[in-house]
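Read through the structure below, which is laid out as structure tokens, and then see the notes.
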Amino acid sequence: MSALFLKILNMSLNASWLILAVVIVRVFLKKSPKWVSCLLWGLVAFRLICPFTIHSMLSLLPSDEVVPSNIMMQQNPRIYSGVRLFDNTVNPIVESAFTPEAGYGVNPLQVFIAIAWIVWLLGFVAMLVYVLVSCLLLRRRVSASVRLSEGIYECDEVSSPFILGIFRPVIYVPSGMDPETLEYVTAHERAHLKRNDHLWKPLGFFLLSVYWFNPFSWLAYVLLCRDIEAACDEKVIHDKDMQYMAAYSQALLDCSVRRRVIAACPLAFGETDVKGRVKGILNYKKPAFWIIIASVAACIVVAVCFITAPGRNNDVPDENAANAVAASVSEVTEDQPVTGESSGEEYIVVDPLSTHEVYSGQIYRYSGNDPDKEFWMGFCISLYDDGKYTWYEDLTSSYLGFGDYTIEDDVLTLIDDTSAGCDKRVNRFRMDGDKLYYIADGSDNFRMHTLKDGEAFIMDDPAYLYGEADYLKGGYIYVAFPGVVTAARYEDGVGYYLEIKDEFGAVSGFSGLYQIYVDEGDEVKVGDKMAININIPFAQASEFFESEFCSPTDSFFISRPFDPNDHPETDIPGAEGTPVYAVCDAEVSATGFTESSGNYIVLTREYEGHTISVIYSHMEDISVDEGESVNAGDTVGTLGNTGNSTGPHLGIQLVVDECPIDIADYIQ
């Protein structure tokens, strides 16, 4: 239900821009037919009803999704209104208010949104109860009405004419109304029925009930009621002379009553903006044809600019947008070796368009305020020789930032590229030897981690960009060009083999893969993760994991499996406080608490020159210390519900050279 509330919230925020546009455009449409204003409110209704988003490069909305749908799972929750000054002012407050203290079992934002959802639901129900009670009381008042003619009744208990009913609407008038006034009243109310206003006004009130928390919704409903009445008046008088208009205006004044509070019904003749309506009637002039055309054109412009959302590159999902452009994409043949300058290792490269090269560079890893201690979560910045860079914050994130960098007077400036739908960010660092120190002044910060001034990154391994290579140390193999999987099979003693035929007709083969995520016949697009290629012989790796690993809990049931693109760990549910065991002989390399992972443990060991880590998340208690050696089956803590967790469970992740792989096959 929280997801539904966030969807309604985002639809409301986007519709607010449309409502504001309609309010402004109405000012310039005073000489236009009044039905044009009603048409504009119809656009607002469509925007509030339609759950889907149409993207357009002509959209004037500053943001497609102000509140991210996954904000409850973000380590540092942020909003993206598209107004930079607003975001820079509000986001620090949001992050400060919803940062949990160590040991908290639930992200406080989850609690806040759950409460907000309940408040919204109570408000929605209250609005519906209000209109239901109002209609029942009104029907009770008119229960003793007398029929005057087909569809028209008079009643002693009413003071102004109105229409009541949706499926069988009836016109009610006060008793004793003179025939001339009755003629004008019935003409007006029948015009309402021809325009189906008895349906549109209740729909407007229902939408107001859904979006009651948005003040722009109330403004829109009030103006809708005015425009409905004005359009109905215009329909009655458009072909009448001035004498008829004067008499009609007098009837309107005679039937006027004190303004009611906002209601879904009835459609009342003399309740809404009587003074403005009389002025409009007496000043009415039939609009010229060019005014009608210009008014319709204005409606089309408003629809295109404010119903649609900012355009995106539809070929690349938001979360993987950077992967579509950045370095990790891989296409392979066996006849184009390229040697990395820093390490001397041979990389196999293919490029159907012959436009990419392999660039070397350097990786800097986050180390907090202690430059000598590497931060285990994997936050890193890679600078490449061609002036490009990438940054990656977390093993649990599939977002990769990228762009161009400059260095001036030992100040590194990273300017994120927005061409593939990525966020616009500028971040600055002071370069000092093999370290980067964050400069908060003039920087926008990152998505999940909010750096403080002076926090450091330390130089690590060489990096390679645009290396469409069959070996990326501890890395995924990505799709470089759209294509079709022509082969996906397991080869005994070798591992998985994958073959891709891209849109240019080039065929790329990958052998000795550790895990694959596509099947033969699958269509793949740029940035998709196809496989994991770890530089360990497949038979050795499988034999090692199968022989060395044991179950981390007494019972084994997977509530959420490993997904390389969305959930790079395996979730095992259980009762809080039940024992959690080491899955292999290892050393405890890190323990601690983060907002995302809760209480965590990292077990690390070396195998054939590669680093194998097992990460335990969301634990209740930790019974081992950093630097301690453990054996397979030793108790390392207890299962819990800490961090971004919706229920007691153990999150466990197998990482080889910083590349998460599926552990489920080895611990059951």
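The values are calculated or read from the model by the stated rules, or taken from the named source; none is laboratory data. Predicted, not measured: the structure shown is a model, and the values here were computed from it. All Cβ positions, even for glycine, are placed from backbone atoms using ideal geometry, and neighbour counts span all protein chains on display. SASA here: full protein model, heavy atoms, side chains in, ligands and nucleic acids out. Shrake-Rupley method; radii C 1.70, N 1.55, O 1.52, S 1.80 Å.
From the cross-link list 201/285; 388/529; 31/235, which pairs have alpha carbons spaced over 19 Å apart?
201/285; 388/529
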How much solvent-accessible surface does residue 35 expose, in Å² to the nearest 10, with a 1.4 Å probe and all protein chains in place? 110 Å²
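Which of rounded, prolate or oblate describes the range 547-629 when judged by the alpha-carbon gyration tensor and an a/c cut-off of 1.5?
Note, shape of the range 547-629 comes out rounded.
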Where does each of 159-168, 580-589 land if you order them by average Cβ count within 10 Å, highest first? 580-589, 159-168
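Please sort 144-157, 601-614, 181-194 by packing, taking for each peptide the average over its residues of neighbouring beta carbons within 10 angstrom, highest first. Let's see the in-between values first.
Values: 144-157: 13.7, 601-614: 17.3, 181-194: 19.4.
The peptides rank, most packed first, as 181-194, 601-614, 144-157.
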Do the alpha carbons of any pairs in 424/525; 435/525; 7/34 sit beyond 28 Å of each other, and which pairs? 435/525; 7/34
From the square roots a ≥ b ≥ c of the eigenvalues of the alpha-carbon gyration tensor of the range 585-668, which class results: rounded (a/c under 1.5), prolate (a/b over b/c), or oblate? prolate
